[in-house]
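Trainee: Okay, here's the structure, questions in a sec.
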Amino acid sequence: MLNRILLLLLLVLPNAASAHIILVVGDSLSAAYGIPVEQGWVALLQECLEREAYPYRVVNASISGDTTANARARLDAALASDEPAVLLLELGGNDGLRGLSLAAMKDNLAAMIVSAQQAGAKILLIGVQLPPNYGPRYTQRFQAIYQELASEYDLALLPSLVAGIGTESDLMQADGIHPNASAQPLIRDRIWKELQPLLELN
């Protein structure tokens, strides 16, 4: 009887043990804030991987409200636990919205990148955008950080998760900050475009 149960499990979950891990470390933009989790871009990415027959499993370690400092403090444990082949790093928005030090933000992101690379993970760095009311000097310096890190550490880069979305009211929630469910397939598609080449290398 036990052997039959084990056989059924192997038939139902043939790739569960062998699947590579894609670890998503982000904030509310990746944690499906304000919408059902299954409608968020991370869940849609998992569906895409399965549809395209890629042997990867997505682990979402995103936390709404997280700053780069918060995520830095918990990343090493996540790397050790999940041993990801790929890290999707989407952070910085809460640093910017709180007017935190951009130098500290860059340092935190750099430390996470180094930790992930030392753990053997490929990285897709995902940038975000700030509302224009923070002033051009701050917002331009904020945006430049992602380009600088991608160049310095030779990373795949999606410059902005929400470019062209944040200005469309029909794609945004009432708070004007978080994309709604209709926007999630668009976000998934732009991430998939940058992520797929990394998967081909594994």
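The values are calculated or read from the model by the stated rules, or taken from the named source; none is laboratory data. Here the structure is a predicted model, which means the values were calculated and not measured. Don't worry about glycine lacking a Cβ; one is built from the backbone with ideal geometry, like all the others, and counts go over all protein chains shown.
Trainee: Scanning segment 114-130 for residues that are of a type in the set (A, V, I, L, M) and surrounded by fewer than 21 Cβ atoms within 10 Å (Cβ to Cβ), which turns out farthest from residue 154 (Cα to Cα)?
Mentor: This residue is 130.
Trainee: Residue 129 passes all but one of (1) more than 16 Å from the chain's Cα centre (by Cα); (2) among the polar types (S, T, N, Q); (3) modelled with pLDDT under 95; which number fails?
Mentor: (1)
Trainee: For segment 169-183, name all the residues that are modelled with pLDDT of 95 or more and either closer than 18 Å to residue 90 by Cα or touching a Cys at 6+ places or on another chain (Cβ under 6 Å) (or both).
Mentor: Across segment 169-183, the qualifying residues are 178, 179, 180, 183.
Conditions tested, residue by residue: (1) surrounded by fewer than 20 Cβ atoms within 10 Å (Cβ to Cβ); (2) in contact with a strand residue (DSSP E or B) (Cβ under 8 Å, 6 or more places away or on another chain); (3) outside any helix (DSSP H, G or I).
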| residue | (1), (2), (3) |
| --- | --- |
| 38 | yes, no, no |
| 42 | no, yes, no |
| 47 | yes, no, no |
| 73 | yes, no, no |
| 80 | yes, no, no |
| 94 | no, no, no |
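Trainee: Of everything in segment 1-40, what is of a type outside the set (Ser, Thr, Tyr), modelled with pLDDT of 95 or more and more than 20 Å from residue 83 (Cα to Cα)? Give them in sequence order.
Mentor: Answer for segment 1-40, where residues must be of a type outside the set (Ser, Thr, Tyr), modelled with pLDDT of 95 or more and more than 20 Å from residue 83 (Cα to Cα): 27, 29, 31, 32, 34, 35, 36, 37, 38, 39, 40.
Trainee: I would also like to ask the following. Taking residue 99, is it surrounded by fewer than 16 Cβ atoms within 10 Å (Cβ to Cβ), farther than 23 Å from residue 70 by Cα and small (Gly, Ala, Ser)?
Mentor: When the stated conditions are applied, residue 99 does not pass them.
Trainee: Go over the candidates 161, 124 one by one and state the one that is outside any helix (DSSP H, G or I), touching a Phe, Trp or Tyr at 6+ places or on another chain (Cβ under 9 Å) and not small (Gly, Ala, Ser).
Mentor: Just one listed residue meets the conditions, 161.
Trainee: Here is a check on your reading of the model: is residue 111 surrounded by fewer than 23 Cβ atoms within 10 Å (Cβ to Cβ), aliphatic (A, V, I, L, M), over 17 Å from residue 21 (Cα atoms) and touching a residue at least 12 places away in the same chain (Cβ under 8 Å)?
Mentor: Details: surrounded by fewer than 23 Cβ atoms within 10 Å (Cβ to Cβ): yes; aliphatic (A, V, I, L, M): yes; over 17 Å from residue 21 (Cα atoms): yes; touching a residue at least 12 places away in the same chain (Cβ under 8 Å): yes.
So residue 111 passes the test.
Trainee: A further question on this structure: Given 158, 186, which one is of a type in the set (A, V, I, L, M), free of Cβ contacts under 8 Å to residues at least 40 places away in the same chain and surrounded by fewer than 19 Cβ atoms within 10 Å (Cβ to Cβ)?
Mentor: Checking each option against the conditions leaves just 186.
Trainee: Moving on to the next point. Of all the residues that make up segment 164-177, how many are surrounded by 14 or more Cβ atoms within 10 Å (Cβ to Cβ) and under 28 Å from residue 54 (Cβ atoms)?
Mentor: Total meeting the criteria: 2.
Trainee: Sticking with this structure for a sec: Determine if segment 139-152 includes at least one residue that is assigned to a loop (DSSP other than H, G, I, E, B) and not small (Gly, Ala, Ser). First the steps, then the outcome.
Mentor: First, the residues of segment 139-152 that are assigned to a loop (DSSP other than H, G, I, E, B): none.
Taking every residue of segment 139-152 in turn, none turns out to be assigned to a loop (DSSP other than H, G, I, E, B) and not small (Gly, Ala, Ser).
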